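The values are calculated or read from the model by the stated rules, or taken from the named source; none is laboratory data. Note that the structure is a prediction, hence the values are computed from the model and not measured. Positions of Cβ are generated from backbone atoms using ideal geometry, with glycine treated the same way; all protein chains shown enter the neighbour counts.
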């Protein structure tokens, strides 16, 4: 395992260097783009009869359980690092906007994409049961906080827009995981979930995760407040994140929501009342480095995963239609409500287009797709998910900054 970690860190470091030295794209987009380009060249050489490099890359990628690595390893650190720098006062001022987008928007989007894909499949030679179409809708609907927050840093969006889209992305993955779990349970049992059963799952997963995060976050805050030594305080935050996520997994509550709540408590209460200036500087520096390094590794992995996708003409055609479908769903569930209720949302004019185009999909969607039971349906869902994620990060991620400057010329809140 240590050899695999060393190999991927070396690959990531080299690609990050090449991007910074010669390409100049935002870090996440640059390393993923280079990794994807090299993988496609590798696939082309394999088709021409040069199999060695392709075989090495394929065996290397297959040695990594992407779903396990992200959902049980990297995600806890990335979500805590992201939430650590979100101001709770700003989040409160947009709480109903964030809640409506994260809960109602994600649920409606799941249905639009699920039934939309079911209808589109009649135009192609691909086959996918309706239940798996809804699974796809659930895993592709949420915006990925890792992708969104990483790219928004350099997009220059007004603070109010950044708060809403960051807050939505931090919370809607918890809603998505609940919907994903409910639909998978329905597939396994052959029965549709009841409203009572769905409500209990939501209460246990989301409510339990938030409660656990608040509890561990408060304990962490009290520990930080009782000492003034940045070495131990950095260690305490790291232990709280890894231990808290492991505890959430064993208690079967939402680990992602627990990490978000913990990050908000430590980043606000802890920063204000429990940290000296020196401790705050070192804690921030540590978690920023963790965030940057793991982000780079994650997007390199996404770029390299292309070697495991089995492309075909029907798949590519369906993938292009699904990309349009996901954008349309985002427009209907986020863009239109914000455009119609612009004053109620308290966002600058033109924000509807930024939030629509800035709804990036990322590693969480890929990880959920890869966690599905093996079979033809899983292969189709994984392939479609990959195509949407690559388009989202490369095309939407590279153009969101220009869109912000065009539709919201004056930066402000």
Assess whether residue 187 counts as being farther than 28 Å from residue 27 by Cα, assigned to a helix (DSSP H, G or I) and free of Cβ contacts under 8 Å to residues at least 24 places away in the same chain.
no
Could you identify the single residue in 334, 324, 340 that is more than 20 Å from residue 169 (Cβ to Cβ) and within 20 Å of the chain's Cα centre (by Cα)?
324
For the stretch 109-130 the number of residues that are in a helix (DSSP H, G or I), buried (at least 16 other Cβ atoms within 10 Å of the Cβ) and in contact (Cβ under 8 Å) with a residue 40 or more places away in the chain is 8
In the set 90, 62, 57, which member is in contact with a helix residue (DSSP H, G or I) (Cβ under 8 Å, 6 or more places away or on another chain), in contact (Cβ under 8 Å) with a residue 40 or more places away in the chain, on the phi < 0 side of the Ramachandran plot and loosely packed, with under 14 Cβ neighbours inside 10 Å?
62
One residue from 317, 333 being surrounded by fewer than 23 Cβ atoms within 10 Å (Cβ to Cβ) and either out of contact with any helix residue (DSSP H, G or I) (no Cβ under 6 Å at 6 or more places or on another chain) or in a helix (DSSP H, G or I) (or both)
317
Taking residue 100, is it under 30 Å from residue 379 (Cβ atoms) and assigned to a helix (DSSP H, G or I)?
no
So for the stretch 210-218 (the condition being over 22 Å from residue 71 (Cα atoms) and modelled with pLDDT of 90 or more), does at least one residue qualify?
yes
Subset of the stretch 320-330, residues over 30 Å from residue 94 (Cα atoms) and crowded, with 20+ Cβ neighbours inside 10 Å, comes to 322
With the condition kept exactly as written, say whether any residue in the stretch 285-292 is free of Cβ contacts under 8 Å to residues at least 12 places away in the same chain, over 19 Å from residue 174 (Cβ atoms) and assigned to a helix (DSSP H, G or I).
yes
Matching residues in the stretch 1-36 (part of a helix (DSSP H, G or I) and in contact (Cβ under 8 Å) with a residue 40 or more places away in the chain) number 17
When the residues of the stretch 301-314 are narrowed to those that are in a loop (DSSP other than H, G, I, E, B) and in contact with a helix residue (DSSP H, G or I) (Cβ under 8 Å, 6 or more places away or on another chain), which ends up nearest to residue 71 (Cα to Cα)?
309
Considering only residues of the stretch 361-413 that are within 30 Å of residue 68 (Cβ to Cβ) and not in a helix (DSSP H, G or I), which is farthest from the chain's Cα centre (by Cα)?
375
So which residues in the stretch 74-97 are under 26 Å from residue 240 (Cα atoms) and either in contact with a strand residue (DSSP E or B) (Cβ under 7 Å, 6 or more places away or on another chain) or not in a helix (DSSP H, G or I) (or both), if there are any at all?
84, 85, 86, 87
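For every residue, the table says whether it meets (1) crowded, with 20+ Cβ neighbours inside 10 Å; (2) at pLDDT below 90.
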position: 241; (1), (2): yes, no
position: 276; (1), (2): no, no
position: 295; (1), (2): yes, yes
position: 309; (1), (2): no, yes
Residues of the stretch 346-360 being part of a helix (DSSP H, G or I) and surrounded by fewer than 21 Cβ atoms within 10 Å (Cβ to Cβ), in sequence order, are 353
Does residue 202 meet the test of being in a helix (DSSP H, G or I), in contact with a helix residue (DSSP H, G or I) (Cβ under 6 Å, 6 or more places away or on another chain) and in contact (Cβ under 8 Å) with a residue 24 or more places away in the chain?
yes
Looking across the stretch 168-182 at residues that are within 16 Å of residue 113 (Cβ to Cβ) and buried (at least 24 other Cβ atoms within 10 Å of the Cβ), the single one that is modelled with the lowest pLDDT is 173
Would you say residue 339 is over 18 Å from residue 386 (Cα atoms), in contact with a helix residue (DSSP H, G or I) (Cβ under 6 Å, 6 or more places away or on another chain) and touching a residue at least 12 places away in the same chain (Cβ under 8 Å)?
yes
Can you tell me which residue among 41, 18, 84, 9 is buried (at least 18 other Cβ atoms within 10 Å of the Cβ) and modelled with pLDDT of 85 or more?
84
